[in-house]
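Below: the structure, in structure tokens.
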Amino acid sequence: MSRIGKLPITIPNGVTINVGERNHVTVKGPKGELSVQLGHKLTLNQEDGSLVIARPDNNRFNRSQHGLARTLIDNCVKGVTAGHVKTLDIIGVGYRAQMEGKNLLLNMGYSHPVRVEAAPGITFEVQSDDKARTQRIVVSGIDKVLVGQVAADIRKVRKPEPYKGKGIRYTGEVVKLKAGKRAAAKK
């Protein structure tokens, strides 16, 4: 039995889960609505404020879908209740971010500013830390996959370089620095 798949999903107050044809699951909550398509061989049972997912047999494919289905539905439930957040830090002299309406404008040392459009359901926030001379970009939304993809696209604008660590990185990401040039030993 899958360790993740056998865990029941608790349904908080204000959240409704509807299972349609061929396991098309729709989750509605206070922040919005998400839907996910699951494997049609899995069975979903709602009982006493929780959702339990079961698989028909121990076939390799069904085992792989069991834990995945539970995680996808759990991410939807968390998204419509609390939302998902990814934070990125901008490190480097002259690198900065600012809001331009709903969009994000990044000055990352290029000859032009880079504009990042806000996808539907995604919000940006820019926070400044004057003591550490860094800025923090907060990407938030209800869809975990979309939040992660937008954060990855922002990071891709200027990845952390390996010698001084300047660039855009996830909060808490460790960048392993390489050694720079060394003076040649005189003989």
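Computed quantities for the displayed model
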read-out: Selection status of ALA69, surrounded by 18 or more Cβ atoms within 10 Å (Cβ to Cβ), among the small types (Gly, Ala, Ser), assigned to a strand (DSSP E or B) and touching a strand residue (DSSP E or B) at 6+ places or on another chain (Cβ under 7 Å); value: no
read-out: Residue, farthest from ALA82 (Cα to Cα), within segment 30-66, restricted to residues that are within 22 Å of the chain's Cα centre (by Cα) and in contact (Cβ under 8 Å) with a residue 60 or more places away in the chain; value: HIS66
read-out: Within segment 6-26, tally of residues that are in a loop (DSSP other than H, G, I, E, B) and surrounded by 12 or more Cβ atoms within 10 Å (Cβ to Cβ); value: 6
read-out: Matching strands (runs of 3 or more DSSP E) fully within segment 76-187 where at least 3 residues are free of Cβ contacts under 8 Å to residues at least 24 places away in the same chain and farther than 30 Å from VAL25 by Cβ; value: 103-107, 122-129
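Conditions (1) more than 30 Å from VAL36 (Cβ to Cβ); (2) surrounded by fewer than 19 Cβ atoms within 10 Å (Cβ to Cβ); (3) modelled with pLDDT of 95 or more; (4) in contact with a Leu (Cβ under 8 Å, 6 or more places away or on another chain), marked per residue:
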site: ASN75; (1), (2), (3), (4): no, yes, yes, no
site: THR81; (1), (2), (3), (4): no, yes, yes, no
site: VAL85; (1), (2), (3), (4): no, yes, yes, no
site: GLY109; (1), (2), (3), (4): yes, yes, no, no
site: GLY121; (1), (2), (3), (4): no, yes, no, yes
site: GLN127; (1), (2), (3), (4): yes, yes, no, no
site: ASP130; (1), (2), (3), (4): yes, yes, no, no
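The values are calculated or read from the model by the stated rules, or taken from the named source; none is laboratory data. Keep in mind the model is a prediction, meaning the values are calculated, not measured. Every residue, glycine as well, gets a Cβ built from its backbone with ideal geometry; the counts of neighbours run over all protein chains shown.
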